[in-house]
Amino acid sequence: AVGLSKGQCLIFIAENMVYPKAAIDAGMEGKVFIKFTIEKDGSMSNIHVLRGVNELLDAEALRVVSALPGGWKAGKQRGKLVKVEYTLPILFKLED
């Protein structure tokens, strides 16, 4: 389970993501998939781009996911705390 709900997580990303100006000027859009691990202590680690669009969008997706507030809850398996891997899609879409 996660400290932030999925909805809170998505709101944080939407409110904190900055669409890179060069990417806007070039008309770049796409979905960047960020993968990370929630450790037994609730911290995030191993944050990386699983599938990217280009370096501008990938870097911003990494930045905003890395800035997510901590306090995640570790996973539990048979009553023991375990690490959990998550994949988060970050959508970059220009307004028409």
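Assuming a strict under-27 Å limit between Cα atoms, what lysine pair count do you get for the chain once near-sequence pairs (fewer than 8 apart, same chain) are dropped? Step by step, the pairs that qualify in the chain add up to 24. The H on the amide N of Ile90, modeled in the peptide plane, is under 5 Å from the matching H of Val32, Phe33, Ile34, each at least 5 residues off or on a different chain. Restricting the GluC sites (Glu not before Pro) of the stretch 17-96 to loop positions (DSSP other than H, G, I, E, B) with no more than 10 neighbouring Cβ atoms within 10 Å leaves Glu95. Given their separation in residues at 0.36 nm each and the Cα-Cα distance between them, Ala14 and Lys73 gain 19.0 nm when the chain is fully extended.
With 0.36 nm allotted per residue and the present C-alpha distance subtracted, the Met28-Glu55 stretch has 8.6 nm of extension available. Counting only DSSP H runs of at least 4 residues, each contributing -39500 (n - 2.57), and dividing by the residue count of the chain, the helix-based mean residue ellipticity at 222 nm comes to -8500 deg cm²/dmol.
Of the residues Ala22, Leu56, Trp72, the one whose Cα sits farthest toward the positive end of the charge dipole of the chain, with +1 on the Cβ of Lys and Arg and -1 on the Cβ of Asp and Glu, is Trp72. With a cut-off of 13 Å between beta carbons, the residues surrounding Phe33 carry a summed charge of +1, where Lys and Arg count +1 and Asp and Glu -1. The residues neighbouring Pro89, those whose beta-carbon lies less than 10 Å from its own, together hold a net charge of +2 under the Lys/Arg +1, Asp/Glu -1 convention.
Solvent-accessible area assigned to carbon and sulfur over the chain amounts to 54 percent, based on a 1.4 Å probe. When restricted to Cα atoms, the chain yields an Rg and a Dmax of 14.5, 51 Å, respectively.
The values are calculated or read from the model by the stated rules, or taken from the named source; none is laboratory data. All values reported here derive from a predicted model rather than from experimental measurement. With ideal geometry, Cβ positions are generated from the backbone for all residues, glycine too; neighbour counts draw on all protein chains shown. Note: areas computed on protein heavy atoms with side chains; ligands, DNA, RNA excluded. Shrake-Rupley method; radii C 1.70, N 1.55, O 1.52, S 1.80 Å.
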